[in-house]
1. Using only Cα atoms and rounding to the nearest 10 degrees, what angle (0 to 90) does helix 23-49 make with the longest principal axis of the chain?
2. Do the sum for the chain: with -39,500 (n - 2.57) for every DSSP H run of n ≥ 4, divided by all residues, what is the mean residue ellipticity at 222 nm, to the nearest 500 deg cm²/dmol?
Amino acid sequence: MTDLDGTVHIDETAARGAVSNTGLRYVLGFSLAFAVIAMSLVWIIPALAHAH
């Protein structure tokens with residue numbers, strides 16, 4: 001929508017180009033948990049192997 005002075009106004013959905021949803025929140029949460037667990041295993045397993 002354009003005003004008489006040439007200013008363009010668009011709504012939030014059109015500006016973002018997407019519809020907001022909550023699925024992305026879960027994907028980010030699971031990815032973060034997986035990364036923390038994987039990095040912990042990479043650190044813990046060699047530490048246990050060198051402890052003996």
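1. 20 degrees
2. On the way: 2 runs with 32 residues, N = 52.
Theoretical 222 nm ellipticity from helices: -20500 deg cm²/dmol.
The numbers here are math on the coordinates, done by the rules we state, and not lab data. Since we're looking at a predicted model, the values are computed, not measured.
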